[in-house]
Amino acid sequence: MKPVFLIGYMGCGKTTVGEALAQELNVPYIDLDQLIEDTCGMSVVNIFQQMGENRFRQMESSSLRQVASMSDVIVGCGGGTPCHGGNMALMNDAGITVWLTTSPERITARLLLPEQKCKRPKFKDLPDEAVLPLVQTELEKRTPYYSQAQLQFDSTDIETAETTVRTARRLARVLRSLA
């Protein structure tokens, strides 16, 4: 199987669905940001702070090329990955791209969970009422990239372990039908 690239805005469920999907398909799950962190020896936040976004995006594209050459993997991409450096074309050429979709309100609710908000530098210091407008604005900017995905898949119902497994099974069936 070609690599499957999960794309979408932060909080759409790329990691949650990706890990469950990988288990369902019995293949590895690769979190692109985690791969970058492991390779570089520092967090994405620190890379941004110390090296800048341009350097991070170079590292991201390099890591993406590395996983694009693999087979039988599920890759969870950063929310901005499709929007830079020809990455969307690379993913579409190398594998299957899946845009995980859910409403801005659902994304916001997930990002406002205390365990999520504290790890998201963009939202950490924002008042809660400012998160939804920012999510909506950024989704509008990124939708032209996300909409180039070969598949769109609703990731709204992943709030429990049981619904996450059901969602992953549905996506696995779709992917198997393409093979």
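One table, with the values for the structure above:
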quantity: Options 160, 156, 137, 167: the member that is more than 18 Å from residue 80 (Cβ to Cβ) and either open to solvent by 60 Å² or more (accessible area, probe 1.4 Å) or more than 17 Å from the chain's Cα centre (by Cα) (or both); calculated: 160
quantity: Residue in segment 13-21 that is part of a helix (DSSP H, G or I), surrounded by 20 or more Cβ atoms within 10 Å (Cβ to Cβ), over 12 Å from the mean Cα position of the chain (by Cα) and hydroxyl-bearing (Ser, Thr, Tyr) present; calculated: no
quantity: Segment 101-118: number of residues that are closer than 22 Å to residue 44 by Cα and open to solvent by less than 50 Å² (accessible area, probe 1.4 Å); calculated: 6
quantity: Positions within segment 25-66 being assigned to a helix (DSSP H, G or I), acidic (Asp, Glu) and open to solvent by less than 60 Å² (accessible area, probe 1.4 Å), in sequence order; calculated: 33, 37, 60
quantity: Tally, over segment 133-179, of residues that are under 20 Å from residue 106 (Cα atoms), polar (S, T, N, Q) and in contact with a Pro (Cβ under 8 Å, 6 or more places away or on another chain); calculated: 1
quantity: Meets criteria (open to solvent by less than 10 Å² (accessible area, probe 1.4 Å) and in contact with a helix residue (DSSP H, G or I) (Cβ under 7 Å, 6 or more places away or on another chain)) for residue 81; calculated: yes
quantity: Residue that is nearest to the chain's Cα centre (by Cα), among those in segment 67-77 that are buried (at least 24 other Cβ atoms within 10 Å of the Cβ) and not in a loop (DSSP other than H, G, I, E, B); calculated: 76
quantity: Any helices (runs of 4 or more DSSP H) falling wholly within segment 78-179 and containing at least 3 residues that are within 15 Å of residue 18 (Cα to Cα) and not aromatic (Phe, Trp, Tyr); calculated: 161-178
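The values are calculated or read from the model by the stated rules, or taken from the named source; none is laboratory data. What you are looking at is a predicted structure, and each value in this text was computed from that prediction instead of being measured. Here the Cβ is made from the backbone with ideal geometry for all residues, glycine too, and neighbour counts use every protein chain on show. In case anyone asks, the SASA skips ligands and DNA or RNA and just uses the protein heavy atoms, side chains included. Shrake-Rupley method; radii C 1.70, N 1.55, O 1.52, S 1.80 Å.
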